[in-house]
Amino acid sequence: MNEIIRIVRSNASHIDGIYEIEKTVFTVPWSKHSLYQDIVENMLAFYVTALSGKQERVAGYGGMWMVEDEAHITNIAVHKDYRRCGVGSAVLNTLIEKCKNNGIRYMSLEVRVSNIIAQQLYQKFGFQAEGIRKRYYSDNHEDAYIMWKYL
C-alpha cells in the first residue's frame, strides 16, 4: 500500500473498522460493546487509529490504559492489507510518545509466545521480555511473554 496513513485519536466512528480488524486478527476478539466502553467511556484508556487514504479506511489501531506512571498496552492490530507497511510501528510510536508526554515511566504488554513478528516489533521499540504468564490465552492456553519498556 502506498496510501497516506494518518494516526488519530480513536473515537466512536472508528469502532466498526476496529471491530473488523479484531475479528480477523484475534481468535477471541473484543466485542463492539467492549471496544466502545474502552475507547469512549474509559477515562484511563488512550486509543489511536491508523486511517488510510481519502476514504479513511481503518488500517490499524492500538490502545493502552494509563495509571499513575505506568501504561499497559491492551491491543495493537493491523488490517492484513496494511501489514509490513509501517502501520504497526506508527501506532506503537504514537502510544510511546503519548506516554513520554504524560510522565509515564513504564509500559507493559502481553504477547503470545508464538507471535514472533509482534515480538520483533516490540523489541525494535525497546520492549524486553521479562516474564511469562502461563496458559494466559483462553482459546488455546498458550503462554504469553510479559514485555516491559522503561521510558
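Quick notes
- Qualifying residues in the stretch 115-148 (those that are among the hydroxyl-bearing types (Ser, Thr, Tyr) and either under 17 Å from the mean Cα position of the chain (by Cα) or surrounded by 16 or more Cβ atoms within 10 Å (Cβ to Cβ) (or both)) - the one farthest from GLU68 (Cα to Cα): TYR137
- Checking SER13 against (1) over 15 Å from the mean Cα position of the chain (by Cα); (2) under 22 Å from ASP139 (Cβ atoms); (3) in a helix (DSSP H, G or I), the condition it does not meet: (2)
- So MET64, is it within 20 Å of ASN11 (Cβ to Cβ), surrounded by 13 or more Cβ atoms within 10 Å (Cβ to Cβ) and not basic (Lys, Arg): yes
- Options PHE26, PHE46: the member that is at pLDDT below 95 and closer than 26 Å to GLY131 by Cβ: PHE26
- Within the set ASN75, ASN93, ASN101, the sole residue that is under 17 Å from LYS149 (Cβ atoms) and surrounded by 19 or more Cβ atoms within 10 Å (Cβ to Cβ) turns out to be ASN75.
The values are calculated or read from the model by the stated rules, or taken from the named source; none is laboratory data. Note that the coordinates shown come from a computational prediction; the quantities given were computed from them, not determined experimentally. Positions of Cβ are backbone-derived with ideal geometry, glycine not excepted, and every protein chain shown enters the neighbour counts.
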